[in-house]
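Undergrad: Right, I'll just put the structure down here and ask away after.
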Amino acid sequence: MSEAKNKVITVHYNLYKDTAEGEMIESTEGKEPLMFLTGLGQMIPDFENKVKDLNVGDKFSFGIKSENAYGKRTDEAIIELPQDMFMKEGKLVEEVAVGNVLPLEDQNGHVHPAKIVSINEETITADVNHPLADQNLHFTGSVTEAREATAEELDHGHVHGPGGHEH
């Protein structure tokens, strides 16, 4: 087991489209920082590789090409689903509207955002491409904590914050 597998990294970050001057996509400013365990595939690999060896207080700024972030958009990710999946009391639920994004759970229990493309006679066409597919990303931020993971965190596969709370 490599040393990096045993680290808990906490960062504050800003995520931009394309470059640091691009449109901001998300930010942890004024919110809880991002906390993750390295070596478990919880993060985009390029993101983890760029921050895992930094120390507390270190700042970072780097880009990740779309193919190394959330991948390319694919036609296979545009799927037809039976309308009865979205029915309640014989009617389509009101959230089913073209352009809306709904959470869909796959057979493994993972939730994927699905954007409604069209409502057909018997099916719903949904796009389950990641919203940031085809998008180059740029992260800026700083490391606020970097420490060895506890045996319990490694055993559970997630980080325990102050007071043992899960993150």
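Undergrad: Filter region 1-19 for residues that are modelled with pLDDT under 95 and part of a loop (DSSP other than H, G, I, E, B) and give the result.
TA: Correct list: Met1, Ser2.
Undergrad: If you don't mind, there's one more thing I want to ask. When residues of region 20-37 are filtered for being polar (S, T, N, Q), assigned to a loop (DSSP other than H, G, I, E, B) and closer than 21 Å to Ser66 by Cα, how many remain?
TA: Keep residues of region 20-37 that are polar (S, T, N, Q), which gives 27-28.
Filter once more, keeping what is assigned to a loop (DSSP other than H, G, I, E, B): 28.
Now narrow it down to the ones that are closer than 21 Å to Ser66 by Cα: none.
Matching residues across region 20-37 total 0.
Undergrad: Run Gln107 past the list (1) surrounded by 12 or more Cβ atoms within 10 Å (Cβ to Cβ); (2) among the polar types (S, T, N, Q); (3) closer than 30 Å to Ile44 by Cβ and report the number of the one that doesn't hold.
TA: Just one mismatch for Gln107, condition (1).
Undergrad: Check Ser118, Ser142 and return the single one that is polar (S, T, N, Q), part of a strand (DSSP E or B) and outside the structural domain of Glu80 (by TED's automatic domain parsing).
TA: Details: Ser118 fails: outside the structural domain of Glu80 (by TED's automatic domain parsing).
Selected residue: Ser142, the only one of Ser118, Ser142 that is polar (S, T, N, Q), part of a strand (DSSP E or B) and outside the structural domain of Glu80 (by TED's automatic domain parsing).
Undergrad: With region 53-111 as the region, which strands (runs of 3 or more DSSP E) entirely inside it contain at least 3 residues that are hydrophobic (A, V, I, L, M, F, W, C) and in contact with a helix residue (DSSP H, G or I) (Cβ under 7 Å, 6 or more places away or on another chain)?
TA: Working: elements: 59-64, 78-82, 101-105.
Fully inside region 53-111 and qualifying: 59-64.
The values are calculated or read from the model by the stated rules, or taken from the named source; none is laboratory data. This one's a predicted model, so the numbers in the text were calculated from it and none came from an experiment. Neighbour counts run over all protein chains shown; Cβ positions are idealised from the backbone, glycine included.
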